[in-house]
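Undergrad: Below is a structure I'd like to ask you about.
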Amino acid sequence: MTGTARAGPTTGTPAAIGARLVRIEGPDKVRGAAPYAYEYPVDGVTYCCAVGSTVTRGRVRSTSADAIRQVPGVLEVLWHANAPRLATADGSELAVLQSDRVAYRRQIVAAVVAESFEIATEAARMLEIEYDDEPFAVELRADDPDLYRPDKVNPNFATDTETGDVDGALRSATYGVDHTYRTPAYHNNPMEPHASIAVWHGDELTVFDSNQGASPVRARLAELFGVPPGSVRVVAEHVGGGFGAKGTPRPVVVLTAMAARVVGRPVKMAATREQMFAFVGYRTPTIQRVRLGADADGRIVGISHEVVEQTSTIDEFAEQTAVATRMMYAGANRRTTHRLRRLDVPTPAWMRAPGECPGMYALESAVDELAIASGLDPVELRLRNDPQTDPETGAPFTSRNLAACLRDGSRLFGWTQRHAEPRVQRDGRWLVGTGLAASTYPARARASKATARARRDGGFDVELCAADIGTGARTALTQIAADALGVAPAVVRLRLGDTNFSEAPLAGGSMGTSSWGWAVTRACEGLRARLAEADGSVPVDGLAVEVDTKEEIERREQRPAHAFGAQFAEVRVDEGTGEIRVARLLGVFAVGRIVNPMTARSQLIGGMTMGVSMALLEASLLDREYGDYLNHDLAQYEIATCADVPRVEAHWIDERDDFVNPLGAKGVGEIGIVGTAAAIANATYNATGVRVRDLPIRLEKLIG
Amino acid sequence: MRKFEYLRPEDRARAVDLAANPDVKLLGGGTNLIDLMKIGVETPEFLVDTTRLGLDEIESRADGGLRIGASVRNTDVASDDRVRERFPVLSAAVLAGASGQLRNMATVGGNLLQRTRCAYFQDVTKACNKRKPGSGCPAQTGANRELAILGGSEHCIATHPSDMAVALRALDASVLIETEKGAETIPLADFYRLPGERPDIETNLPYGSLIVAIDIPAPRNGARSSYVKVRDRASFGFALASVAGVLRVADGRVAEVALALGGVAPLPWRARVAEAQLMGAPAEPDRFRAAIDAELEAAQPRPENAFKVTLARRIVVRVLNELAGATREGEAS
Ligand SMILES: Cc1cc2nc3c(=O)[nH]c(=O)nc-3n(C[C@H](O)[C@H](O)[C@H](O)COP(=O)(O)OP(=O)(O)OC[C@H]3O[C@@H](n4cnc5c(N)ncnc54)[C@H](O)[C@@H]3O)c2cc1C
């Protein structure tokens, strides 16, 4: 073929950003045509089943592996005595089968690889394991003498902060509150469990994996198996949810790759729902003491937020629970602290809005209690203490529209019609109450690469190793690319979820759209410029531009950047039975520019719904006798059903923050779950006059 | 690999024949049994499907009652016009349970014989006297929020999870069964057993029983019935406490009453003590309260489930008040 094809901006293309573009892969998902990790057809695949410890702390002494290996169809039984050593056995949860130590109940202590799933499962059940067991400690207590101060909290914040004379300010305040709030452990439980298929060809590893970021999984696997990153390919085209549980690699992918290497054949494994409550991470329980003091005008003079939470004996995970308190409200005298206890439990990990979610439950409950103590409306109290610069550093926020969220939300919800007095509003046997809480989440971006390519057929390929975990990232990035190229979304083919594409960060910290979108914008701008230079001509094998936003992001001036929101709840409590139902939930958010109103709304109401679960239902029940979490299926670990969320509304204010990134968008994945539980707890107080300070709010706490 | 064989007999005689085998489990909709097989609690060698035996009819009985076949799906029970008209409490109880999908699969026989949702029972790595006799009952001092306040023993405080069975208990239903030895009718009152020292034996069913149908006698003349269930979430949750109530008031006095409680005992709990106090008494809130208080004197709550005593008391009083009010209104019109 000779000559050149022409490509370039079509004139008059409507802006794709902001359009209600339906999810590109939606039809494939509905038809079952979108492959998830476990579903890739792989010739000669074998099956791995992990065996969990039945002791809570101790050592694995021996196993009946030799006998089990004789079971027809069993290919291998792995345990610490015969498992290959990883290149970096670094004392993390990923050091699977690297030592005889049992650090928590249900930790992986063996694995069976077999010709079928059924054989592997049954052989795993038959495997006998002898342990030396030791006494254990699994319960978090605020008075535990073994609490310690970590060097930092996640990801890199100061453990403690202190400004001014906090105790003095609290002592002399006109109004004060001093309460302790508790949240239980939570398990993320995306619909699709952690699942992998691993295939080795010599030293080349291909992994089909369910994760929130294929690039970081590749980097970690390369380290663990001592091969160059270029020898590892990770594919995660479609992912059925993560909520943080797949933010960093978990034992499943390591075990699968290890097993495949040992048996010399492809291996697949999916965590069972029971295992989703065992070794893939969870949110730490917290015990939080919050003290607030205000002057006669309701201006906060002292804030103290002291957090106690847990980690494991394997690794340190220090949730940044009080970090949002550092920037949320004005007040000269401030303190935040975090203390950890190493317990014989699995290592906690990321879960939607780590830090902000449990921390803002406590802070926003305490602010409500302060409003009651000072006789101020909770909206007004928050407005009076809404700082225009970061209260700790004095630096200006890139934008801070909490006040607008509070005002708009108040109007849309009909807040002023409420009775501040509890137990006043009734509807038959139902007590009705309203409450609100503020939300916040940082607006950040990570460096990313992206490639944009013009094809000769007039279409464009935009490729990067981003993750679409069900959020609509693929669709949003298509819109961003279309606008940057000046073309219609229909001619853009956005490809992600494969390490063969440009390296990109994970979906986490509500940074996906900002980080990937930034790189996509730059790549497309670059390509557009190149096309212009070439007068629109595209060579035979296309014209491609790859960019890396690392330098641009590092060069940028640092300023406190956060999204904000206000959530309003109306709850109904049956006076006789204490049953609590959330009749209405309304959130208004300041999250920068909205790339796609449909997918953004889904993220926000999804987060809010998860917040309803947190407020009323969710709790991983610690089994004090056995030392693990007792409720480990979704019949016993309850989350909201459709009937529990009859009316959830998400609105946003018109905001575009050009400081945070070229898109002006702040990220919507996590802020929806921040503050929801407090709004519901505050509304429950307004309905009943009972203040519940330990989640979930169950009916027995109301009828005593 | 742990193998099991799936058999689908087409006639009852064959099914009864097959049932007389300790390694057989009869299969209804499988919504409970299959789950328990997956987690290793049930380990049958043969599954005998009972859904092709022609047991899927609801028939009117000569006395005005109903006979409901054992493999009628829960959804079909709840939506049957005769059930809704004659036994609204049954329809309401079934609809209060599980989810639409589960009710579409679940059968009447399977619903009666579903196993407890006690967390220890469902975890083969832990002790449970019901699953493994003599191994212990960690629920006594452990997680017992959902468990029994009535009828438990030091060996077991598991609750029976069914909503449907609670309504049937209030309606004086009987269970028709067949074994190799022939057909038999067992009143629901004698169907379930309290755990005592043998929590592993849950019913008085003879060995190898196939449940064929349930008989519900004619509705009591002029009596009203209703079902109230309290659960943590608005749907798809097991009862923390529930009550099926049947009441007829004549001349301001209780002429007929039946009360069955769910979620509080190892079996659907017929509140006989309360009923005895209520018969002939004025249909007044004070009497309702006194009657249920008398019933609940036998309660042995554990630390986590003491609230169930309050809950049970309040929903019984509510149901009786509502039924008495409805009766009064009914008389007025
Ligand atoms: C998440 C969840 C929530 C639920 N919530 C509720 C709830 O709120 N309320 C409620 O009441 N239930 C609830 N259920 C339970 C549900 O009602 C039962 O699983 C269902 O009724 C069982 O019926 P099945 O036909 O599927 O029984 P199967 O699972 O097929 O069988 C159950 C038992 O009955 C035996 N069996 C079945 N048929 C016969 C027969 N003809 N003769 C003799 N034995 C027989 C089987 O051998 C087995 O032991 C819930 C279930 C789940 C999974």
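The values are calculated or read from the model by the stated rules, or taken from the named source; none is laboratory data. Everything numeric here is computed off the predicted structure, so don't read it as measured data. Cβ sites come from the backbone with ideal geometry, for glycine too, and all protein chains shown count toward neighbours. Accessible surface is based on the protein model in full, side chains and every heavy atom, while ligands, DNA and RNA are left aside. Shrake-Rupley method; radii C 1.70, N 1.55, O 1.52, S 1.80 Å.
Undergrad: If the requirement is being within 13 Å of chain A (Cβ to nearest Cβ) and more than 13 Å from the ligand (Cβ to nearest atom), which of these qualifies: B:ASN204, B:ASN129, B:ASN144?
TA: Working: B:ASN204 fails: within 13 Å of chain A (Cβ to nearest Cβ); B:ASN129 fails: within 13 Å of chain A (Cβ to nearest Cβ).
Checking each option against the conditions leaves just B:ASN144.
Undergrad: Return the residues of the stretch B:35-56 that are within 11 Å of chain A (Cβ to nearest Cβ) and free of Cβ contacts under 8 Å to residues at least 24 places away in the same chain; say none if nothing qualifies.
TA: Here is the first cut: in the stretch B:35-56, the residues within 11 Å of chain A (Cβ to nearest Cβ) are B:35, B:38-40, B:43.
Selection gives B:ASP35, B:LYS38.
Undergrad: Right, next: Looking at the stretch B:293-322, which of the residues that are within 13 Å of chain A (Cβ to nearest Cβ) and more than 21 Å from B:TYR227 (Cα to Cα) is least open to solvent (accessible area, probe 1.4 Å)?
TA: Ranking the candidates gives B:ASN305 first.
Residue-by-condition table, conditions (1) touching a Cys at 6+ places or on another chain (Cβ under 6 Å); (2) more than 30 Å from A:PRO646 (Cβ to Cβ); (3) charged (D, E, K, R):
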residue: B:ALA158; (1), (2), (3): yes, yes, no
residue: B:LEU171; (1), (2), (3): no, yes, no
residue: B:ILE186; (1), (2), (3): no, yes, no
residue: B:VAL228; (1), (2), (3): no, no, no
residue: B:GLY252; (1), (2), (3): no, yes, no
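Undergrad: Any residue in the stretch A:336-354 that is in contact (Cβ under 8 Å) with a residue 60 or more places away in the chain, surrounded by fewer than 22 Cβ atoms within 10 Å (Cβ to Cβ) and at positive phi?
TA: So far as the stretch A:336-354 goes, no, none of its residues is in contact (Cβ under 8 Å) with a residue 60 or more places away in the chain, surrounded by fewer than 22 Cβ atoms within 10 Å (Cβ to Cβ) and at positive phi.
Undergrad: Residues of the stretch A:591-635 being more than 25 Å from A:ILE580 (Cβ to Cβ), open to solvent by less than 40 Å² (accessible area, probe 1.4 Å) and more than 8 Å from every other protein chain (Cβ to nearest Cβ), which ones?
TA: Across the stretch A:591-635, the qualifying residues are A:VAL591, A:GLY592, A:ILE594, A:VAL595, A:ASN596, A:PRO597, A:THR599, A:ALA600, A:GLN603, A:GLY627, A:ASP628.
Undergrad: Considering only strands (runs of 3 or more DSSP E) fully contained in the stretch A:48-142, which possess at least 2 residues that are open to solvent by 30 Å² or more (accessible area, probe 1.4 Å)?
TA: Values: elements: A:58-63, A:74-79, A:108-114, A:129-133.
Once the strands (runs of 3 or more DSSP E) in the stretch A:48-142 are filtered for at least 2 residues that are open to solvent by 30 Å² or more (accessible area, probe 1.4 Å), what remains is A:58-63, A:74-79, A:129-133.
Yes/no per residue for (1) among the β-branched types (Val, Ile, Thr); (2) in contact (Cβ under 8 Å) with a residue 24 or more places away in the chain; (3) more than 14 Å from chain A (Cβ to nearest Cβ):
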residue	(1), (2), (3)
B:TYR192	no, yes, yes
B:PRO199	no, yes, yes
B:ALA213	no, yes, yes
B:ARG224	no, yes, yes
B:LYS229	no, yes, no
B:ARG233	no, no, no
B:GLU256	no, yes, yes
B:PRO266	no, yes, yes
B:PRO285	no, yes, no
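Undergrad: Please enumerate the residues belonging to the stretch B:85-103 that are within 10 Å of the ligand (Cβ to nearest atom), open to solvent by 30 Å² or more (accessible area, probe 1.4 Å) and either on the phi > 0 side of the Ramachandran plot or in contact with a Gly (Cβ under 9 Å, 6 or more places away or on another chain) (or both).
TA: Those that are within 10 Å of the ligand (Cβ to nearest atom), open to solvent by 30 Å² or more (accessible area, probe 1.4 Å) and either on the phi > 0 side of the Ramachandran plot or in contact with a Gly (Cβ under 9 Å, 6 or more places away or on another chain) (or both): B:ALA98, B:LEU102, B:ARG103.
Undergrad: Return the only residue of B:PRO22, B:PRO44 being away from the ligand (no atom under 12 Å from the Cβ) and either modelled with pLDDT of 95 or more or closer than 22 Å to B:ASP200 by Cβ (or both). Give the derivation first.
TA: On the way: B:PRO44 fails: away from the ligand (no atom under 12 Å from the Cβ).
Every option except B:PRO22 fails the conditions.
Undergrad: Something else about it: Let me confirm something: among B:ASN74, B:ASN32, which residue is within 14 Å of chain A (Cβ to nearest Cβ), within 23 Å of B:PRO161 (Cα to Cα) and within 8 Å of the ligand (Cβ to nearest atom)? I'd like the intermediate steps shown before the answer.
TA: Details: B:ASN74 fails: within 14 Å of chain A (Cβ to nearest Cβ).
Sole residue among the options that is within 14 Å of chain A (Cβ to nearest Cβ), within 23 Å of B:PRO161 (Cα to Cα) and within 8 Å of the ligand (Cβ to nearest atom): B:ASN32.
Undergrad: How about the stretch A:636-647: which of its residues are more than 7 Å from every other protein chain (Cβ to nearest Cβ) and either charged (D, E, K, R) or surrounded by fewer than 22 Cβ atoms within 10 Å (Cβ to Cβ) (or both)?
TA: Of the stretch A:636-647, the ones more than 7 Å from every other protein chain (Cβ to nearest Cβ) are A:637, A:639, A:642, A:645-647.
Listed by number, the residues that qualify are A:ILE639, A:CYS642, A:VAL645, A:PRO646, A:ARG647.
Undergrad: Pairs please, first residue from the stretch A:48-76 and at positive phi, second anywhere and among the aromatic types (Phe, Trp, Tyr) and not in a loop (DSSP other than H, G, I, E, B), Cβ atoms under 9 Å, 6+ apart in sequence or on different chains.
TA: These pairs meet every condition: A:GLY58/A:TYR131.
Undergrad: Looking at A:GLU554, A:GLU570, can you tell me which residue is away from every other protein chain (no Cβ under 14 Å), open to solvent by less than 40 Å² (accessible area, probe 1.4 Å) and among the charged types (D, E, K, R)? Even if it seems obvious, please write down each step before you answer.
TA: Details: A:GLU554 fails: open to solvent by less than 40 Å² (accessible area, probe 1.4 Å).
After ruling out the rest, the residue left standing is A:GLU570.
Undergrad: If you don't mind, another one. Within the stretch B:173-180, identify whether any single residue is within 14 Å of chain A (Cβ to nearest Cβ) and within 16 Å of the ligand (Cβ to nearest atom), and answer yes or no.
TA: Our first condition is that a residue be within 14 Å of chain A (Cβ to nearest Cβ); within the stretch B:173-180, this holds for none.
Within the stretch B:173-180, not a single residue is within 14 Å of chain A (Cβ to nearest Cβ) and within 16 Å of the ligand (Cβ to nearest atom).
Undergrad: What strands (runs of 3 or more DSSP E) completely inside the stretch A:220-298 contain at least 1 residues that are surrounded by 24 or more Cβ atoms within 10 Å (Cβ to Cβ), touching a residue at least 12 places away in the same chain (Cβ under 8 Å) and touching a Gly at 6+ places or on another chain (Cβ under 7 Å)?
TA: Working: elements: A:232-235, A:267-270, A:286-294.
Correct list: A:286-294.
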